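The values are calculated or read from the model by the stated rules, or taken from the named source; none is laboratory data. Worth saying up front: this structure is predicted, and the values here are computed from it rather than measured. Reconstructed Cβ throughout: ideal geometry from the backbone, glycine too, with neighbour counts over all protein chains shown. Surface accessibility is based on the protein's heavy atoms, side chains included, excluding ligands, DNA and RNA. Shrake-Rupley method; radii C 1.70, N 1.55, O 1.52, S 1.80 Å.
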Amino acid sequence: LEVAERIDALASRGGFAWPDGARVLDFGCGPGRVITALQPRHPNAVFHGSDIDPEAIAWDQANLAHAAAFAVNGHAPPLPYSDAEFDFIYSISIFTHLPEDHQFAWLADLRRVLKPGGLLLTTTMNPYSPYLPQDIHRSADATGFAYWGDAGATEGLPDFYRLAYHSHDYLRREWGRDFDLLEIGDHDINGLQDSV
């Protein structure tokens with residue numbers, strides 16, 4: 001519920017007013033926790049969820065079909081959606097796990113399926129936590145992006161799905177090439193991740 005409330009607040013600040021029939025995608029929806037909190041708040045929106053985990057999507061399809069339409073997406077783009085299909089896309093704790101090449105590929109595909117003038121909301125982790133290894137800090141100092149490939153794997157997900165960190169300067173420089181960055185939060189999602 002807290003994440004849904006935060007998404008609502010950020011969407012509002014980004015100019016998204018949840019018009020009737022708005023098409024909304026939860027990219028990386030997993031077992032549909034965020035959709036189940038958002039959909040009752042916006043019953044006139046049309047929700048979709050996609051994820052790389054076929055077991056999670058099968059569960060969603062069996063238990064949450066009343067709330068959204070669900071689809072499995074591959075480990076790499078494209079998503080199973082048409083160009084300019086969605087008014088609003090949110091993706092919580094996905095770009096916090098992707099190596100840089102995957103990140104750019106998915107950002108490009110999310111831009112493809114987002115309508116012109118649509119809103120994308122995602123999350124990242126800042127690389128300057130004192131608890132991270134020094135090589136993460138060095139990578140962040142050098143480029144603004146750090147991928148911790150030695151971090152523990154997540155059961156049931158691909159081996160590349162580890163931990164990734166983005167400085168705010170990196171986001172403005174790299175993501176700002178293809179998107180207008182309206183705002184970058186500071187540990188404002190679950191107290192751990194930065195909204196973008």
Would you check if ASP20 is touching a residue at least 12 places away in the same chain (Cβ under 8 Å), surrounded by fewer than 20 Cβ atoms within 10 Å (Cβ to Cβ) and charged (D, E, K, R)?
-> yes
Within segment 60-72, track down each residue that is closer than 17 Å to ALA22 by Cβ and surrounded by fewer than 21 Cβ atoms within 10 Å (Cβ to Cβ).
-> ALA67, ALA69
Test ASP169 against the stated conditions and say whether it is crowded, with 16+ Cβ neighbours inside 10 Å and either in a strand (DSSP E or B) or over 16 Å from the mean Cα position of the chain (by Cα) (or both).
-> no
Exactly one condition in (1) over 27 Å from ASP101 (Cα atoms); (2) part of a helix (DSSP H, G or I); (3) touching a residue at least 40 places away in the same chain (Cβ under 8 Å); (4) not hydroxyl-bearing (Ser, Thr, Tyr) is not met by ILE7; state its number.
-> (1)
Given the conditions (1) among the polar types (S, T, N, Q); (2) closer than 21 Å to ARG111 by Cβ; (3) buried (at least 16 other Cβ atoms within 10 Å of the Cβ), and given that THR36 satisfies all but one, which numbered condition is not satisfied?
-> (2)
Identity of the residue in segment 131-144, surrounded by fewer than 16 Cβ atoms within 10 Å (Cβ to Cβ) and not polar (S, T, N, Q), that ends up farthest from PRO99 (Cα to Cα) | TYR131
For ILE57, state whether it is over 17 Å from LEU121 (Cβ atoms), touching an Asp or Glu at 6+ places or on another chain (Cβ under 7 Å), at pLDDT 95 or above and surrounded by 17 or more Cβ atoms within 10 Å (Cβ to Cβ).
-> yes
Unique match (being over 17 Å from the mean Cα position of the chain (by Cα) and of a type in the set (Val, Ile, Thr)) among VAL46, VAL34 | VAL46
Sole miss for PRO116 among (1) open to solvent by 70 Å² or more (accessible area, probe 1.4 Å); (2) part of a helix (DSSP H, G or I); (3) at pLDDT 95 or above is condition (2)
Please specify each residue of segment 73-101 satisfying the condition of being of a type in the set (A, V, I, L, M) and either surrounded by 16 or more Cβ atoms within 10 Å (Cβ to Cβ) or without any contact (Cβ under 8 Å) to a residue 12 or more places away in the chain (or both).
-> LEU79, ILE89, ILE92, ILE94, LEU98
Residue by residue through segment 127-177, note down the ones that are touching a Lys or Arg at 6+ places or on another chain (Cβ under 9 Å) and at pLDDT below 90.
-> TRP148, GLY149, ASP150, ALA151, GLY152, ALA153, THR154
From TYR161, TYR147, TYR128, residue being free of Cβ contacts under 8 Å to residues at least 60 places away in the same chain, open to solvent by 10 Å² or more (accessible area, probe 1.4 Å), in a loop (DSSP other than H, G, I, E, B) and among the aromatic types (Phe, Trp, Tyr) | TYR128
